Amino acid sequence: MPKMTDLFKRVLVGRALRSGQLHEQLLPKRIALPVFASDALSSVAYAPQEILVILSIAGVSFYHYSPWIACAVVLVMLTVVASYRQNVHAYPSGGGDYEVATVNLGKNAGLTVASALMVDYVLTVAVSVANGVDYVGATIPFVAQHKPAVAIAIVVLLTVVNLRGIRESGVAFAVPTYAFMISVLGLVAWGGLRLVMGDDLVAPTADLDIVPEQSNLTSFAAAFLILRAFSSGCAALTGVEAISNGVPAFKKPKSKNAATTLLMMGLVAVTMFGGIIALGLVSGVKVAEPEHVAEGLLRNGVPVGDAYYQQPIISQVADAVFGNGSLPFIWISAVTALILFLAANTAFNGFPVLGSILAQDRYLPRQLHTRGDRLAFSNGIIILAAGACLLLWGFQADVSRLLNLYIVGVFVSFTLSQTGMVIHWTRHLKTETDPKVRFQMMRSRVINFFGGVMTAVVLVVVLLTKFMVGAWIVCIAMPILFLMMKGIRKHYDNVAAELEVTEELDETMLPARNHAIVLVSKIHKPTLRALAYARATRPSTLEAITVGVEGEEAQKLQEEWERRGIPVPLKMLDSPYREITQPILDYVKNLRKRSPRDVVTVFIPEYVVGHWWEHLLHNQSALRLKARLLFKPGVMVTSVPWQLHSSDRLKGRREPFAPGSVRRPTGDA
């Protein structure tokens, strides 16, 4: 009968898939779009609002800069999308920015990109889920009162869904993502149609005034504030790189399908982003920083107070277009909250793949390169979820605090990736002679060069405007990850060098003799089996040893040994301090010292038990002794099992793979 934990796992994750079924997990474009683009598409729920929130620091008069800021964000987004379309054709293996930077800029640049992306993926999950919890908390007080716990529960739910496999999670997330896309595009279209027909759109905050936190700004301060609003709006670009990292998950032709999906995502995201901010400005949306809402927003000259809840920009636009409480308004509010949760799915697909590639390159533990029961990189999924939960708990699921850490990593990877692509095209142009191909390469190089310049400028702006308010944490986390990965690679390289077989084997590596020792505590069936097995190995010498803790018991053991006529000499080790392990270690050490070329094999009888609590009652001395003997050079430790009756319950049961257990990845030789 299967264990209850196995049954629970099958219910949550599903039945295990064979490696040959990997092709069944590949995604068509219609499923790949919601799987990889949910993060970028969901950013329209908060990126336009972040622009207005930052500008509100100087008062509503600064709102007239928002169209220009939005145009700048759209220009950067289109540039990045065009640049990454070149990436997916040039590097379709799924390494994405990491592979581009490593091949063209060197290993250190590649690790910088990897550390940046890993931090950004964790933040994507934390920010998306925290945003969704905020949205739901506006209508459900219980959620607002327990934000960290609810957010962590949502992450756990997303983790379980993703552990079921990329295709199954994609199908589960496709319907809500498409519902959000259609709803927002419908909102923009209907709002635009009403404006064309001459209707007035009035947001619920159109009659409010904003008290500036900073007034009479100098030219430098005003420019800094505008740049800060621009950097906050660039949150709309997060998730663009996910498709380039997920090319192997597409159906063939992989590169073409990935590039088409990337273009579709870019056009839809730009349309929704521009439409929401345009309708927000036309309808008179007013928003302020969360801590400034109560005193900073005025209605008829009076502060709105602590009881006022600031609606998100999409809710306000839906109110203006469809009317408060209408069915379309409720629908858009519901699907927006849902897409914010599902936006985390982009990271759940990107982080495990990146971790697998880094593990294959020996920069992360090799367990991250193994696929789980459902052919997903389960270990990477679990690590991502754990990191996001720690952030949500540490920052109490506060979106404003988490956003200050956001997008630094993604623009580091953008910049280095585009720089690497310029070098890639330049290198290939030196050897390419076909005029048509050269023209395509030159066009791609121009696109990537422009993308590199744009993303570098944005990175500088983000660092200047967000460093002191939280981005410094990311600037510390990235080097720590970088050094950790360098250390792991150094360890693997050192071990490989130590284990490498030389061309000429030294004869001294062969042991001169094998001295076998059987450990005896009393004469019973496990001891006799260990003695029989040791004799069957035909060692050079064989002896049994026991530690004489109690003199009377040791004497009885010696007498019974002689009475039974066991054909192996028994040696009694003295232990005046009643210690068992150390006398055996000293004896083995002396054997090795007398004959350094000999190998010593220690046979240890052990019980095989069927219940977890039985491990606490048996084998404790054997475990301690094995742990010490493993560090002794020239000493081999052999466990001789004896199955107790309680272990019969486990016979015939397939042992499940534990997290981190070694399984050969699909496609490896």
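The values are calculated or read from the model by the stated rules, or taken from the named source; none is laboratory data. Please read all numbers here as calculations on a predicted model, not as lab measurements. Virtual Cβ from ideal backbone geometry, glycine too; neighbours counted across all protein chains shown. To get the accessible areas, we keep the full protein, side chains included, count just its heavy atoms, and leave off ligands, DNA and RNA. Shrake-Rupley method; radii C 1.70, N 1.55, O 1.52, S 1.80 Å.
Using a cut-off of 10 Å between beta-carbons, work out the net charge of the residues near Val600 (Lys and Arg +1, Asp and Glu -1, Val600 not included). Neighbour charge sum, excluding Val600 itself: +3.
Could you order Cys234, Cys389 so the one with the most accessible surface comes first? Probe is 1.4 Å.
Final ranking, largest accessible area leading: Cys389, Cys234.
Loop-located chymotrypsin sites (Phe, Trp or Tyr not before Pro) in the stretch 268-362 (DSSP state not H, G, I, E or B) with no more than 14 neighbouring Cβ atoms inside 10 Å: Tyr308, Tyr309. Taking every protein chain into account, the 1.4 Å probe leaves Met442 with about 90 Å² of accessible area, to the nearest ten. Other residues within the sphere of radius under 15 Å centred on the Cβ of Phe414, judged by their own Cβ, net out at -4 (K and R +1, D and E -1). Taking other residues whose beta carbon is less than 13 angstrom from the beta carbon of Thr455, and scoring Lys, Arg as +1 and Asp, Glu as -1, yields -2. Note on Met454: accessible area is roughly 40 Å² with a 1.4 Å probe, heavy atoms of protein only.
In whole percents, the pair-distance distribution calculated for the stretch 136-248 from its alpha-carbon pairs, binned every 10 Å from zero, is 9, 17, 32, 28, 13, 1. Taking the longest Cα principal axis of the chain as reference, the axis of helix 107-137 is set at about 70 degrees.
Of all DSSP-defined beta bridges confined to the chain, some 15% are antiparallel rather than parallel. For the chain, the solvent-accessible area with a 1.4 angstrom probe is 48 square angstrom per residue.
Taking amide H as placed 1.01 Å from N in the peptide plane, Gln643 has its amide H under 5 Å from the amide H of Val608, each at least 5 places away in sequence or on another chain. In loop segments of the stretch 421-487 as defined by DSSP, the trypsin sites (Lys or Arg not before Pro) with at most 14 further C-beta atoms inside 10 Å of their C-beta are Lys430.
Using only Cα atoms, tell me the angle between helix 29-42 and the longest principal axis of the chain; keep it within 0 to 90° and round to the nearest 10. It works out to around 70 degrees. Short-range pairs are left out: with C-alpha atoms under 8 Å and at least six residues apart, the relative contact order of the chain is 20 percent. Taking His424, His645 and ordering them by how much accessible surface each has at a 1.4 Å probe, largest first, produces His645, His424. Measuring with a 1.4 angstrom probe and ignoring ligands and nucleic acids, Ile313 comes out at about 0 Å² accessible. A cut-off of 5 Å between modelled amide H atoms, ignoring neighbours fewer than 5 places along the same chain, links Ser575 with Gly548.
Summarising the amide proton neighbourhood of Val518: residues at separation of 5 or more, or on other chains, whose placed amide H is nearer than 5 Å comprise Glu543, Ala544, Ile545, Phe603. Ordered by 1.4 Å accessible area with all protein chains kept, Glu552, Glu560 run largest first as Glu552, Glu560. Mean projected area of the Cα convex hull of the stretch 244-393, taken over all directions, amounts to 13.3 nm².
Rounded to the nearest whole Hz, the Karplus-based 3J(HN,Hα) values (6.51 cos²θ - 1.76 cosθ + 1.60, θ = phi - 60°) of the stretch 344-359 follow the sequence 4, 5, 4, 5, 5, 8, x, 4, x, 5, 4, x, 5, 5, 5, 5, with x at glycine and proline. Backbone geometry of the stretch 523-539 corresponds, through the Karplus equation with coefficients 6.51, -1.76 and 1.60 at θ = phi - 60°, to 3J(HN,Hα) couplings of 8, 8, 4, x, 5, 5, 5, 5, 5, 5, 5, 4, 5, 5, 6, 6, x Hz, x marking Gly and Pro. The tail of the calculated P(r) for the chain beyond 44 Å holds 39 percent of all Cα-Cα pairs.
How much of the pair distance distribution for the stretch 41-174 lies past 19 Å, counting alpha-carbon pairs only, in percent?
Values: 6246 of 8911 pairs.
The answer is 70 percent, as a whole percent.
Helical content of the chain, expressed as a calculated mean residue ellipticity at 222 nm, amounts to -20000 deg cm²/dmol (DSSP H runs of 4 or more residues, -39,500 (n - 2.57) each, divided by residue number, nearest 500).
I'd like the carbon and sulfur percentage of the solvent accessible area for the chain, probe radius 1.4 Å, heavy atoms only, ligands and nucleic acids excluded. Answer for the chain: carbon and sulfur cover 63 percent of the accessible area.
Kirkwood radius, the stretch 523-602, all distinct C-alpha pairs, inverse of mean reciprocal distance: 13.9 Å.
Between 0 and 90 degrees, the angle of helix 472-499 with respect to the longest Cα principal axis of the chain falls at about 30 degrees.
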